[in-house]
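K.L.:
Pasting in a structure now, in structure tokens, and then I'll have a few things to ask.
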Amino acid sequence: MDSAPGNDLNAIQTELGRLEAYRRRIYLGVLILTIAIILLSWAFRENGDPFIAVAYPVFAVVLAGLCVALWRGATSLRIMEITLVATVSTMILSRLAWHFGFGDPLGDHLLLLAGGHYWAVGILIVGGFITLGYRGGLVTGVATFLFSGALATYEVLGCFLAAGEHCHNWVYLARIHLFLAVLLALTSAGTFLRERIWSAFTRAETLQHWANTDPLCGLANRRGADHFLSAEAALADRYQRPLTIILIDIDQFKGINDDHGHKVGDCVICELADILSNTVRGVDLAARWGGDEFLVATPGVDLRAARHAAERCRRAVEKSPIAGVSVTVTVGIAEYLPGKGTDDAINRADAMLYRAKAAGRNRVITEACELA
């Protein structure tokens, strides 16, 4: 069943809330694993490595604070993502700068240590795109690559100028940065394509929704109802299950517009749409068929059950004024006959509707009553 705009908005907000909660749990898990890696590195550090000895506990405390903030929802997820990327970037890049700034960066031992640290640089590039999206990830990735490349270039040039012993190791650093460049290019391209495809799907879904939705009341329009009826008629033909068509007309709607204005008339249309949305089942279709006429299709429901549902709807409309106006509806019901097509059922329901109007309005007449 097509719902009113408010119901659609509530459903979207609920789904977005679930996605945000899921992302928070993912980030929380990543933070816990990162803290575990930091503490393991700190516990099994080599002697004479003051950076790990001093800085790693500080980063562990900061990340633990982010864990608490994530768990309690203390700030918006976007601010939390930016803070997370900034903190991890500071930790990884400062460690890389330490490797190059203290010791012989092109020596065998420290070069392997620096090279071993580059897996974290790669994760930082990929994580930036995952966390911040294409634009934020591109800024983070390019900045990370340039920072790392600048460190390596500075040290290689210094080695050559000093005629050091291990200057040939520049090839190793060059291969690492070519790999990072490829990783940056592939990740940025993949993220860009993902966002463009997602945007295209979202636009297509939005266009499809509004092409099949009445803009005033949010129910399905005639086009949307035709699609639903075609699908349900095919199922009724195949499985011989009942399908009932209910046509609902607002009594004296022209008089409401003439006496109270079109704004009140629009309120009546929208309120009746809300009543239909709250009365019929989730598998049913409620549609604005045209003007002041509505159609309800009830798969798997026979005439007797459809009549009871229509009576509930009629009484719900009758018992309370809408926008200060007393409103009633007249209803005609017919059952789909396999192989006859939906137009046949709609025409027969329309005939019942006009018979109900002729009988005095504010009533429900089914085809069974006519046949009896």
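K.L.:
Please find the FRET efficiency linking LEU40 to PHE179, where r is the Cβ-Cβ separation and R0 is fixed at 22 Å, and quote it to the nearest 0.05.
P.N.:
According to the calculation, E is roughly 0.30.
K.L.:
Using a 7 Å offset from the Cα along the Cα-to-Cβ direction at both LEU146 and GLN13, what is the distance between the two label points in nm, to one decimal?
P.N.:
The modelled label-to-label distance comes out at 4.2 nm.
K.L.:
Is the C-alpha gyration tensor of the range 193-345 telling us rounded, prolate or oblate? Criteria: a/c under 1.5 is rounded; beyond that, a/b larger than b/c is prolate, otherwise oblate.
P.N.:
Working: a/c = 2.24, a/b = 1.14, b/c = 1.97.
Here the range 193-345 falls in the oblate category.
K.L.:
Using a simple spin-label model with points 7 Å from Cα along the Cα→Cβ vector, what separation in nm is obtained for ILE26 and ASP258?
P.N.:
Result for the modelled spin labels: 6.0 nm.
K.L.:
From the phi angles alone, apply the Karplus equation (6.51, -1.76, 1.60; θ = phi - 60°) to the range 316-331 and give each ³J(HN,Hα) in whole Hz, x where the residue is Gly or Pro.
P.N.:
Running phi through 6.51 cos²θ - 1.76 cosθ + 1.60 with θ = phi - 60° gives 4, 6, 6, 6, 10, x, 10, 6, x, 10, 6, 10, 10, 10, 10, 10 Hz.
K.L.:
Positive end of the dipole of the chain, charges at C-beta (+1 Lys, Arg; -1 Asp, Glu), about the Cα centre: which of ASN257, VAL296, LEU193 has its Cα farthest in that direction?
P.N.:
VAL296
K.L.:
While we're looking at this one, here's another question. Mind putting a number on the dipole of the range 236-314 about its Cα centre? Charges go on the C-beta only, +1 for Lys and Arg and -1 for Asp and Glu, and I need it in Debye to the nearest 20.
P.N.:
460
K.L.:
What is the magnitude of the charge dipole of the range 191-254 about its Cα centre, with +1 placed on the Cβ of each Lys and Arg, -1 on the Cβ of each Asp and Glu, and no other charges, expressed in debye to the nearest 20?
P.N.:
Result for the range 191-254 is approximately 280 debye, rounded to the nearest 20.
K.L.:
Stretched out fully, how many nm does the piece from VAL54 to LYS357 gain, at 0.36 nm a residue minus the Cα gap?
P.N.:
100.5 nm
K.L.:
Among TYR56, ALA163, VAL88, whose Cα sits farthest toward the positive end of the charge dipole of the chain (+1 at Cβ of Lys/Arg, -1 at Cβ of Asp/Glu, about the Cα centre)?
P.N.:
It is TYR56.
K.L.:
While we're on this one: Among all the lysines, which ones have a C-alpha under 21 Å from LYS263's C-alpha, if same-chain residues fewer than 8 places away are not counted?
P.N.:
LYS254
K.L.:
From the Cα gyration tensor of the range 302-348, with a ≥ b ≥ c the square roots of its eigenvalues, which class applies: rounded if a/c is under 1.5, or else prolate if a/b is larger than b/c, or else oblate?
P.N.:
Details: a/c = 5.14, a/b = 2.38, b/c = 2.16.
Prolate shape, in that a/c is at least 1.5 and a/b is the bigger ratio.
K.L.:
Restricting to the chain, compute how many DSSP beta bridges are antiparallel as a %, nearest 5.
P.N.:
Beta bridges within the chain, antiparallel portion: roughly 85 percent.
K.L.:
Subtracting the Cα-Cα distance from 0.36 nm times the residue separation, let me have the gained length for ASP266 to LEU161 in nm, one decimal. It would help to have the intermediate numbers written out before the result.
P.N.:
Values: separation 105, 0.36 × 105 = 37.80 nm, distance 8.19 nm.
Extra length from ASP266 to LEU161 when fully extended: 29.6 nm.
K.L.:
Same structure again: Which of the following values of Kirkwood radius over Cα pairs in Å was calculated from the structure shown: [x] 26.3; [y] 21.6; [z] 24.1?
P.N.:
Label [x] holds the value from this structure.
K.L.:
Using θ = phi - 60° and the Karplus form 6.51 cos²θ - 1.76 cosθ + 1.60, what ³J(HN,Hα) does each residue of the range 138-143 get, whole Hz, x for Gly and Pro?
P.N.:
So the Karplus estimates, Gly and Pro as x, are 5, 4, 5, x, 5, 4 Hz.
K.L.:
Nothing charged except the Cβ atoms of Lys and Arg (+1) and of Asp and Glu (-1): what's the magnitude of the dipole of the chain about its Cα centre? Round to the nearest 20 debye. Each step should come with its number before you reach the end.
P.N.:
Values: 33 positive and 36 negative charges, 85 e Å.
Dipole of the chain, to the nearest 20 debye: 400 debye.
K.L.:
Can you compute the helix-only [θ] at 222 nm over the chain? Use -39500 (n - 2.57) per DSSP H run of at least 4 residues, normalise by all residues, nearest 500 deg cm²/dmol.
P.N.:
After summing the helix terms and dividing by the residues of the chain, the value is -25000 deg cm²/dmol.
K.L.:
Something else about it: Over all distinct Cα pairs, what is the inverse of the mean 1/r for the range 21-123, reported as the Kirkwood hydrodynamic radius in Å? Don't jump to the answer; show the numbers that get you there.
P.N.:
Details: mean 1/r = 0.0680 Å⁻¹.
Roughly 14.7 Å, rounded to one decimal.
Read-outs throughout are calculated quantities, based only on the coordinates presented, and are distinct from any laboratory measurement. Since the structure is predicted, the reported quantities are computational estimates derived from the model, not experimental observations. Every residue, glycine among them, receives a Cβ derived from its backbone with ideal geometry; neighbour counts consider all protein chains shown.
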